[in-house]
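The structure under discussion appears below in the form of structure tokens.
Coordinate-derived values only; no laboratory data. Please read these numbers as outputs of a predicted model, since none were measured by experiment. All Cβ positions, glycine included, derive from the backbone under ideal geometry; neighbour counts span all protein chains shown.
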Amino acid sequence: MKIGFFDSGIGGLTVLNEALEIIPNEDYIYYADVLHVPYGTKPKEEVRDYVFEAVEFLSKKDMKALVIACNTATSIAVDDLRHKFDFPIIGMEPAVKPAVEKNSNINKRVLVFATDLTLKEEKFKKLISKVDNDNIVDFLPLGGLVQFAESYVFDEEVITKYLIKELSSLDLNLYSTVVLGCTHFPIYKNIFRKVLPSQIAIIDGNLGTIKNLKATLEKNNLLNGGDSHITFYHSGKLVRDDKIIHKYNDILALLNSTV
Ligand code: DGL
């Protein structure tokens, strides 16, 4: 049986990449909802329908666990998905808790980047009110990065210009940690590293998610079933085009070279 990974587009590859590293003896399904990406700028009811449609499809694919490798989809649908489906579902949320813990004694602030929809959602507000007791968390939507990634724009100059413009209203010296709260963003981690002052640590929830996945598989006696083979789907259709598969493999290779 396989482990499913689901995202609106290529962002979930940043999470899958971590899984390939930590639990390589598995076969994977990667499902990108390319017909409906981006999710982060759409109404939540619409996104919820897309997510359910995708998971319904995946549920028929001999899957032993599913990672919703998308913060936006998780915040909209994970609780309802867990009610409907009986395989383990691992969701993602911006890594605000570890960021706040890291910063509690040093009098610096935490800055969370995510999609518009993630930041507007009740789940994010609840997370903030639970962990941000000292009011040190600020946030900023960076949906433009999703658009760039989905158009395969990886040019350093273009992305740097975008980031500098988006961050221009902030005093970055106030911060010691940035949270990448959208799975598309680690694609640009090297560029974030150059744009942000060096005292700022950049964290994401990918490793935590995969540790959670591994523990869940272990608990259910489901570990070790394959050899890192990945089957790709695009919005309910098997990807057969070698060029697309190559592109995905190129992105996975690129991710291995990020800081
Ligand atoms: N990769 C997604 C996330 O983690 C969503 C991007 C989008 O479709 O807007 O939030």
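Quick rundown of the values:
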quantity: Condition met for A77 (surrounded by 16 or more Cβ atoms within 10 Å (Cβ to Cβ), within 16 Å of the ligand (Cβ to nearest atom), in a helix (DSSP H, G or I) and of a type outside the set (S, T, Y)); calculated: yes
quantity: Every residue from segment 32-61 that is among the basic types (K, R), within 15 Å of the ligand (Cβ to nearest atom) and in contact (Cβ under 8 Å) with a residue 40 or more places away in the chain; calculated: K42, K44
quantity: Residue in segment 196-204 that is of a type outside the set (F, W, Y), out of contact with any strand residue (DSSP E or B) (no Cβ under 7 Å at 6 or more places or on another chain) and closer than 25 Å to I164 by Cα present; calculated: yes
quantity: Test: residue in segment 95-103 that is farther than 20 Å from L174 by Cα, outside any helix (DSSP H, G or I) and among the aliphatic types (A, V, I, L, M); calculated: no
quantity: Boolean, T72 is under 27 Å from S151 (Cβ atoms), among the hydroxyl-bearing types (S, T, Y), assigned to a loop (DSSP other than H, G, I, E, B) and touching a helix residue (DSSP H, G or I) at 6+ places or on another chain (Cβ under 9 Å); calculated: no
quantity: Answer from N25, N103, N71 - the residue that is closer than 20 Å to K126 by Cα and away from the ligand (no atom under 16 Å from the Cβ); calculated: N103
quantity: Any hit, segment 110-118, residues being more than 16 Å from the ligand (Cβ to nearest atom) and either without any contact (Cβ under 8 Å) to a residue 40 or more places away in the chain or not in a loop (DSSP other than H, G, I, E, B) (or both); calculated: yes
quantity: Some residue of segment 119-131 being hydroxyl-bearing (S, T, Y), assigned to a helix (DSSP H, G or I) and within 12 Å of the ligand (Cβ to nearest atom); calculated: no
